[in-house]
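Visitor: Sharing a structure here in structure tokens format.
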Amino acid sequence: MSFDLSLIYESIPRMLSGIGITFQLMFLSGLLGLILAVILLLMRISGKWYLSWPAQVHIYIFRGTPILVQIFIIYYGLPQFEFIRDSVFWPILREPFGCAVLALTLNTGAYVSEILRGGVLGVDRGILEAGSALGLSARQKFIYLTTPIAARLALPAYSNDFISLMKATSLASTITLLDMTGIARTIVAQTFAPYEVFISLAIIYMILTWIIQKTFGRIEKYLSRYVNP
Amino acid sequence: MKFPILKSLAVGAVALFAAGSVQAETLRVGMECTYAPFNYRTADGELAGYDVDVAKGVAEIIGADLEFVCQQWDGMIPALLANKFDLIVASMSITNTRLEKIDFSGPYRDSIGRLIGKADSDLNLFDDNGAPIAENFKGIRVGLERASTYENWFNATLPGAEIVLYDGSEPLYLDLVNGRVDVIMTNPMKAQLRFLSKEAGNKFAFVSPAISEVEFFGVGVGIGLRQGQDELRERLSAAIRELINNGSLKEYALKIFPFQIHNDEWGKS
């Protein structure tokens, strides 16, 4: 089978027309997932079983099952119930985009909350004791001491998860969304040239990963400006 | 005879030679295995359906052994080109785009499409002559299988329609029932058996006439094979003509439908 280079030049612009959907999925689920992760984290470290327990169940379920299965359950499974189709959530769940964002958010929220918890647990006891000595309340210690240090500690792992999230957006193509992967699969189905098209697609994702990595590298440097001068 | 041993050796050699020459070639056949009633697995796990019957009928005539390979639809042609199997007998319509990559035998089945929507809806998508009314397609979501001939027909005939692409026919039915798409375009024979005649599909019905423009849907469904195998292609085509002329093809269709699904004209070479 011959390798058609011109097909790469032709298909890259077509696939890039789907980058908007990829970005929307990535940033929306990233933001909502981060908010969910903070809520789950606060629930887990609250010390109250009726808050911590549901958070742990959520994390266990969404880390324990493949994201593709979660997407299918939300997209194909939920509408089987009449009351969901009659509910106020149906306008969101009817759209494949809404289902994809929901699945990615729930999934990334579970992972990120664990990453953040690692950051919180990594804060040196001595710093918190110093805070107590200065007369800071528990809330003040959490906001002014734990949060900035935990964020710095969690950032490398978080950047990894964000890259995973970016790649996971490609799974939205399985529920009819025409993101970059969805467009690529359509081109493949039309041209019967999987190598050229998927390799071009892989290159685009690699460039995106590189950009994300560099961006997080800069943020990391900024947050560590007092630690590693 | 003077040399009985020699004679028996000679006979043995001839027998061996003969056995060698009738030793059947093995053809690997690619199909979805999930596309009832054309190719699918029965409850016992046996492959069955019209495509399977045709493949077996052809194999018997050309004297080949068959080996079935299950392959997802959107990877069917790449898999054939990558030599994962030798023939596609998967209800694949003969089209010009496909002919650029692969060869086809003569047709063995009609290739048409019909739209399905809610039975009680008043969509009025086609006029009395069976031509689509473009403006009535505005704001209507149409579910199609990715890379199907239906997609090409829609893109060319109704460029304004809002198309949602699926990777198989089961998700199409599901989303039609779930209300994510308003109509779907698909193979009417299959939809009748797998969806409309079932409980899930009892609120749905055909909302279009049969659409069979040769320009998009091709002359019919054929057996796909890699290019440059003209001799094999001719043997396949001749075998299909024989199946048409001896009534086997009609018999295969009547197992499933109350009508035949090929054109008798195809039997003339």
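Visitor: Give the residues of the stretch A:1-42 that are among the small types (Gly, Ala, Ser) and part of a helix (DSSP H, G or I), sorted by residue number.
Guide: A:Ser6, A:Ser11, A:Gly20, A:Ser29, A:Gly30, A:Gly33, A:Ala37
Visitor: Then there is this: Every residue in the stretch B:123-145 that is in contact with a Phe, Trp or Tyr (Cβ under 8 Å, 6 or more places away or on another chain) and within 14 Å of another protein chain (Cβ to nearest Cβ), please.
Guide: B:Val142, B:Gly143, B:Leu144, B:Glu145 - these are the residues of the stretch B:123-145 that are in contact with a Phe, Trp or Tyr (Cβ under 8 Å, 6 or more places away or on another chain) and within 14 Å of another protein chain (Cβ to nearest Cβ).
Visitor: Mind checking whether some residue in the stretch A:81-97 is surrounded by 19 or more Cβ atoms within 10 Å (Cβ to Cβ) and more than 14 Å from every other protein chain (Cβ to nearest Cβ)?
Guide: There is no residue in the stretch A:81-97 that is surrounded by 19 or more Cβ atoms within 10 Å (Cβ to Cβ) and more than 14 Å from every other protein chain (Cβ to nearest Cβ).
Visitor: Is the stretch B:62-69 home to any residue that is touching a Cys at 6+ places or on another chain (Cβ under 8 Å), in a loop (DSSP other than H, G, I, E, B) and modelled with pLDDT of 85 or more?
Guide: No, the stretch B:62-69 contains no residue that is touching a Cys at 6+ places or on another chain (Cβ under 8 Å), in a loop (DSSP other than H, G, I, E, B) and modelled with pLDDT of 85 or more.
Yes/no matrix, rows are residues, columns are (1) free of Cβ contacts under 8 Å to residues at least 12 places away in the same chain; (2) within 14 Å of another protein chain (Cβ to nearest Cβ); (3) closer than 30 Å to A:Phe81 by Cα:
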site	(1), (2), (3)
B:Ala147	no, yes, no
B:Thr157	no, no, no
B:Asn178	yes, yes, yes
B:Glu199	yes, yes, yes
B:Ala238	no, no, no
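Visitor: So, one more: Residues that are assigned by TED's automatic domain parsing to the domain that holds B:Ser105, more than 24 Å from B:Gly130 (Cα to Cα) and aromatic (Phe, Trp, Tyr), at least 3 per element: which strands (runs of 3 or more DSSP E) completely within the stretch B:172-269 meet that?
Guide: Strands (runs of 3 or more DSSP E) meeting the threshold: none at all.
Conditions tested, residue by residue: (1) under 29 Å from A:His58 (Cβ atoms); (2) within 14 Å of another protein chain (Cβ to nearest Cβ); (3) crowded, with 21+ Cβ neighbours inside 10 Å; (4) in contact (Cβ under 8 Å) with a residue 12 or more places away in the chain.
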residue: A:Gly122; (1), (2), (3), (4): yes, no, no, yes
residue: A:Glu129; (1), (2), (3), (4): no, no, no, no
residue: A:Leu155; (1), (2), (3), (4): yes, no, no, yes
residue: A:Asn160; (1), (2), (3), (4): yes, no, no, no
residue: A:Ser164; (1), (2), (3), (4): yes, no, no, yes
residue: A:Met180; (1), (2), (3), (4): no, no, yes, yes
residue: A:Phe198; (1), (2), (3), (4): no, yes, no, yes
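Visitor: Is it the case that B:Asp122 is surrounded by fewer than 22 Cβ atoms within 10 Å (Cβ to Cβ), among the acidic types (Asp, Glu) and within 19 Å of B:Asn39 (Cα to Cα)? Quick ask: steps written out before the conclusion?
Guide: On the way: surrounded by fewer than 22 Cβ atoms within 10 Å (Cβ to Cβ): yes; among the acidic types (Asp, Glu): yes; within 19 Å of B:Asn39 (Cα to Cα): no.
Considered against the rule, which asks whether it is surrounded by fewer than 22 Cβ atoms within 10 Å (Cβ to Cβ), among the acidic types (Asp, Glu) and within 19 Å of B:Asn39 (Cα to Cα), B:Asp122 comes out as no.
Visitor: Could you tell me whether the stretch B:59-77 includes any residue that is within 14 Å of another protein chain (Cβ to nearest Cβ), among the polar types (S, T, N, Q) and within 16 Å of the chain's Cα centre (by Cα)?
Guide: Yes; the residues of the stretch B:59-77 include at least one that is within 14 Å of another protein chain (Cβ to nearest Cβ), among the polar types (S, T, N, Q) and within 16 Å of the chain's Cα centre (by Cα).
Visitor: Moving to a separate point now. Filtering the stretch B:99-118 down to residues that are in contact with a strand residue (DSSP E or B) (Cβ under 7 Å, 6 or more places away or on another chain) and more than 25 Å from B:Val181 (Cα to Cα), which residue is nearest to the other protein chains (Cβ to nearest Cβ)?
Guide: Out of the qualifying residues, it is B:Ile102.
Visitor: Answer yes if at least one residue in the stretch B:120-137 is modelled with pLDDT of 85 or more, under 27 Å from B:Asp53 (Cα atoms) and not aliphatic (A, V, I, L, M), and no otherwise.
Guide: Scanning the stretch B:120-137 turns up no residue that is modelled with pLDDT of 85 or more, under 27 Å from B:Asp53 (Cα atoms) and not aliphatic (A, V, I, L, M).
Visitor: Mind checking whether some residue in the stretch A:66-73 is more than 15 Å from the chain's Cα centre (by Cα), part of a helix (DSSP H, G or I), within 14 Å of another protein chain (Cβ to nearest Cβ) and not acidic (Asp, Glu)? Before the answer, list the steps.
Guide: Our first condition is that a residue be more than 15 Å from the chain's Cα centre (by Cα); within the stretch A:66-73, this holds for A:69, A:72-73.
Restricting the remaining residues to those that are part of a helix (DSSP H, G or I) gives A:69, A:72-73.
Those left that are additionally within 14 Å of another protein chain (Cβ to nearest Cβ): A:72-73.
Filter again for not acidic (Asp, Glu), leaving A:72-73.
Checking the stretch A:66-73: at least one residue is more than 15 Å from the chain's Cα centre (by Cα), part of a helix (DSSP H, G or I), within 14 Å of another protein chain (Cβ to nearest Cβ) and not acidic (Asp, Glu).
Visitor: Still on this structure, I have one more. I need the full set of residues from the stretch B:175-210 which are of a type in the set (A, V, I, L, M), under 18 Å from B:Phe38 (Cα atoms) and at pLDDT 85 or above, in order please.
Guide: B:Met185, B:Ala191, B:Leu196
Visitor: A follow-up question, please. For the stretch A:27-49, state whether one or more residues are within 13 Å of chain B (Cβ to nearest Cβ), under 27 Å from B:Tyr166 (Cβ atoms) and of a type outside the set (S, T, N, Q).
Guide: Within the stretch A:27-49, not a single residue is within 13 Å of chain B (Cβ to nearest Cβ), under 27 Å from B:Tyr166 (Cβ atoms) and of a type outside the set (S, T, N, Q).
The values are calculated or read from the model by the stated rules, or taken from the named source; none is laboratory data. Because the structure is a prediction, the values reported are computed rather than measured. Don't worry about glycine lacking a Cβ; one is built from the backbone with ideal geometry, like all the others, and counts go over all protein chains shown.
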